[in-house]
Structures are given as structure tokens and as C-alpha cells.
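The values are calculated or read from the model by the stated rules, or taken from the named source; none is laboratory data. These numbers come from a predicted model, not from an experiment. For neighbour counting, all protein chains shown are included, and Cβ atoms are generated from backbone atoms with ideal geometry for every residue, glycine included. Only protein heavy atoms, including side chains, enter the accessible area calculation; ligands, DNA and RNA are left aside. Shrake-Rupley method; radii C 1.70, N 1.55, O 1.52, S 1.80 Å.
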Amino acid sequence: MPLESQYYLDTDPLVSCISPTLTERARGYFTSNSSMWLRNHDLVDELCKNGDDNDPLLASISAVGLASYANSVHGTQLLNRARMDYVKALRLTNAALRSPAQVRIDSTLFSVVILSIFEMVAGVNEQSLEAWTEHINGASALLKLRGPNQFRTKAGQQLFVLVTSNIMISCVQRTIPVPEHVVELRNLAGEVMESSTWPAWQVSEVLFEFANFRAAARDCDIV
């Protein structure tokens, strides 16, 4: 049965207990379609394996999965529910950002990235682009806070490539140079990056050069 129909028609208590919940279906939809937004699909499995319903990352994934499905079936009510889930995910993520124990961990950074994806999936106006930019700026600040230690794990390296790629896209869109702390971290990352990340790293190198070229050209009144 389609996800939206299941949400509204399952009234039998026994069926409701056996059938996946709407949240579980939303997460499954995200996982099945994660290639639309992420190069490193294994990040989802790696960073979600120990989460619960109050985990910021799982909450963010649920919101994006439901919003994406709602778009595919033109489900207005489901999209409204997805926006409610997004508000919950935002609240949980902000709480993690205020926690000294959680602010530097991989799943917190990943949840910020997933929240930015929600703005691409569910956004309808310029405010959504501004919200996406704010999420990317927040992720950029987290990279600086996490420092060189984030390169010690494969997941940390993959996240760095993912986040910096989005930062560079944002810089291209706004015609500004890549932040200096990102440049410094990229120089450090290049010395320790695992071979599995090299294809994405090479793509990000092109974005990096293009972003800085556009910014320099703007300052010289070439464009």
C-alpha cells in the first residue's frame, strides 16, 4: 500500500502494530533514494546505526524522506507533516549544537547537512535558499570547531568532503571566496585523505578553484 494511504487508512490496532510507522517508511524512502543527494551512501548506515527517536540525525532524515516522498505523490498533507518533522529535527539539532559532548561528533554535523537538503526538497521560494545558505554556514562553522581531529576517521573525511563541496557551491552562488579556515583545513586534509575519498576530492578541487576564480573576477570587475 502506498505510504500516504497507509498513513490515513490503517486504523486496526493489530495492523498498526505490524506495519511500519510513517517515520520508519520516511527513513526507508530516504535511504533508498539517498543517491539523489549524497555520494557516500554508507555514511547514512554508519552514523545512524545507534540512533533513537530523539537523535537529531534520524529526525532530519525522516523529515527529508517524507518531504521527498510527498513531492513524488503530490501529497500536500504529507508535506505538511514533513515540515512538522523538520521543526522537530531543527530543535534536536540546535540542542546538540549547544551540547559540549555532541557539538563535535560526526552525526551532529551530518544532521546539519541533512537539514540543508530539506530546504532543497521542500523549499518553494527565496527564503528556502537563504535557509539552505544558513545551514551551510553553520556546517562551515562546525568544520572549524572540529579542527584537524575530524580527519582521523573515514566518516570524518567523507563528511569534510561533503560539507566543503556544499560550501563551495554556496560560495559560487554568492560570488564570494572560500572561507580561509576551510582553505587551511583542506590543506591539512589533502595530506591524510584516504584513497576511497579521492574521486569526490578531485571534484571538490574543481569547485574550489572555480569559486575563488569567480570571487576574484568579481573584485576585478571582470564579471
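Toward the positive end of the charge dipole of segment 87-173, with +1 on the Cβ of Lys and Arg and -1 on the Cβ of Asp and Glu, the farthest Cα among Leu115, Asn166, Leu142 is that of Leu142.
Considering only alpha-carbon pairs that sit under 8 angstrom and 6 or more positions apart, the relative contact order computed for the chain is 15 percent. Listed by chain and number, the lysines whose alpha-carbon sits under 21 Å from that of Lys154, ignoring those within fewer than 8 places in the same chain, are Lys49, Lys144. Distant-in-sequence amide contacts of Val178, defined by a placed amide H-H separation under 5 Å and a gap of 5 or more residues or a different chain, comprise Asn212. Here are labelled values, (1) 1.01; (2) 0.96; (3) 1.31, and one is the computed Rg/Rh (Cα atoms, Kirkwood Rh) for what I pasted. Which one? Read-out from the structure maps to (1). Shown for the chain: the carbon plus sulfur share of the solvent-accessible area, taken with all protein chains present and a 1.4 angstrom probe, equals 55%. Calculated mean residue ellipticity at 222 nm for the chain: -24500 deg cm²/dmol, from DSSP H runs with n ≥ 4 weighted as -39500 (n - 2.57), summed, divided by the residue count and rounded to 500. Quick check: Cα centre of segment 79-144 to Cα centre of segment 173-219, how many Å? Cα centroid to Cα centroid, the span is 22 Å.
Averaged over its residues, the chain has an accessible area of 52 Å² per residue, based on protein heavy atoms and a 1.4 Å probe. Annotation: extensible slack from Ala141 through Phe213 equals 23.6 nm (criterion: 0.36 nm per residue apart, minus Cα-Cα distance).
Under a Gaussian network description of the chain, with springs only between Cα atoms under 10 Å, the residue in Val73, Val163, Val64 that fluctuates furthest is Val73. Computed on segment 100-165, with alpha-carbon pairs under 8 angstrom and 6+ residues apart, the relative contact order is 35 percent.
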